[in-house]
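Every read-out reported here was derived from the displayed coordinates using simple, explicitly stated rules and does not represent laboratory data. Nothing here was measured: the structure is a model prediction, and the numbers come from that model. All Cβ positions, glycine included, derive from the backbone under ideal geometry; neighbour counts span all protein chains shown.
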Amino acid sequence: MDTLVRTITLNGFLNVCNLHSVNSHALLRKVGLDASALVDPERHISAETLCKLLDLAGQESGSPAFGIQMAQQRQTLDFGILGVLMRHQPNLRDMWLAAIQYRKLLNDATAISLEQSGDMSLLRFELLVDSRIPQTQSCELLAGVMMRTCQAILGPAWSPKEMRFMHAAPPEQYLHKQFFGCPVVFGSEFNGMVLRTLDMDASNPAADPELVRYAESLAMPMSALGESALLQEVRKHIYLLMPLEQACIERVAEQLHLSTRTLQRQLDQHGTSFSEILDTVRRNLVLRYMNNSRYSIGQVAALTGYSRQASFTRWFHANFGASPRQWRQTNLA
């Protein structure tokens with residue numbers, strides 16, 4: 001299933017290309033776009049196209065932090081009516097809960113979750129893109145935009161406790177550390193920011209309940225979950241819940257505010273089932289983890305919902321025609 005993003009996501013792309021003397025028009029043509037695609041911020045393009053474009057830009061520019069440099073160029077909360085709704089929430093926690101509630105107004109390719117554990121909170125995100133598509137620059141762009149979004153509430157000097165990325169570390173990390181202002185961990189088991197719970201609850205000086213109510217009145221009809229969006233929403237929640245060993249239909253139905261029976265019936269009307277979507281997401285996540293030698297096969301099994309490695313090995317052989325060990329020896333050679 002192709003996922004779409006708004007071309008506003010590419011804000012800053014031309015400027016960073018110019019900074020590195022890169023021919024932006026040539027890069028756009030290589031992925032089937034032209035400069036007119038950047039004129040209308042509400043136009044949609046394929047998320048895979050976006051990922052390929054930013055990967056090419058990183059290669060052509062020689063910058064391992066191209067995505068982060070784009071985030072530096074972005075205006076905070078440039079999300080249209082959703083930006084208004086987020087900016088005027090009473091605190092950072094409510095701002096992100098609003099973003100998650102009205103996620104349809106962001107894009108179809110991003111899944112976000114917020115979890116609290118004691119004095120720390122975890123803001124996780126996933127890109128819903130085939131694991132064979134390069135995602136490093138897109139992932140770092142998203143992380144950078146998320147941090148800039150937090151700074152809209154807490155001020156430009158704020159930084160998270162820690163930033164984590166699943167992909168491998170670049171050869172040069174100076175710009176990453178300078179931009180995020182905190183330890184940056186690569187090869188992690190998740191993508192996301194670790195934040196102080198105190199920061200999440202700090203009062204927002206720009207909070208305005210009247211503006212929030214106004215923005216909600218506009219956002220609610222725009223974000224209604226239509227039939228065509230259901231499968232994508234199920235995929236998003238499975239991506240986020242699988243590493244937590246909670247990717248079951250009951251938990252996903254709860255997240256969608258549906259009964260399990262209603263979700264089953266709606267998926268059946270779409271000619272699919274929860275188990276089929278689960279398997280598709282699992283295959284994508286398995287390839288992502290298997291391509292990172294940092295993870296043992298046992299860890300890959302656990303992160304994709306298998307408590308027993310033997311069961312995972314049987315599933316893997318049925319899907320990829322080889323044992324996990326054989327596949328890794330062949331594909332990582």
Fill in: 14 Å Cα-Cα reach of K177 towards aspartates and glutamates, excluding residues that sit fewer than 8 places from it in its own chain
E140, E162
Response to the item:
Listed by chain and number, the residues whose amide H is under 5 Å from that of M120, excluding neighbours fewer than 5 places away on the same chain and using placed H, are T197
Worksheet item: How about the range 9-88: which GluC sites (Glu not before Pro) there are in a DSSP loop, with at most 11 other Cβ atoms within 10 Å of their Cβ?
Response: E42
Discussion item. If you wrap a convex hull around the alpha carbons of the range 115-183, what volume per residue comes out, as a whole number of Å³?
Written reply: 109 Å³
Fill in: Coordinate range along principal axes, alpha carbons of the range 227-331, Å, largest first
43, 24, 21
Discussion item. Check which residues have an amide H placed less than 5 Å from E162's amide H, if you skip close sequence neighbours.
Written reply: V194
Item to complete: Apply the Karplus parameterisation 6.51 cos²θ - 1.76 cosθ + 1.60, with θ equal to phi minus 60°, to every residue of the range 60-70 and state each ³J(HN,Hα) to the nearest whole Hz, in sequence, with x for glycine and proline.
Response: 5, 7, x, 9, x, 10, 4, x, 5, 5, 5
Worksheet, complete the sentence: The value for the chain (convex hull of the alpha-carbon atoms, volume per residue, Å³) is 148 Å³
Fill in: Nearby lysines by direct alpha-carbon distance to K104 (threshold 22 angstrom, same-chain neighbours under 8 apart not counted)
K236
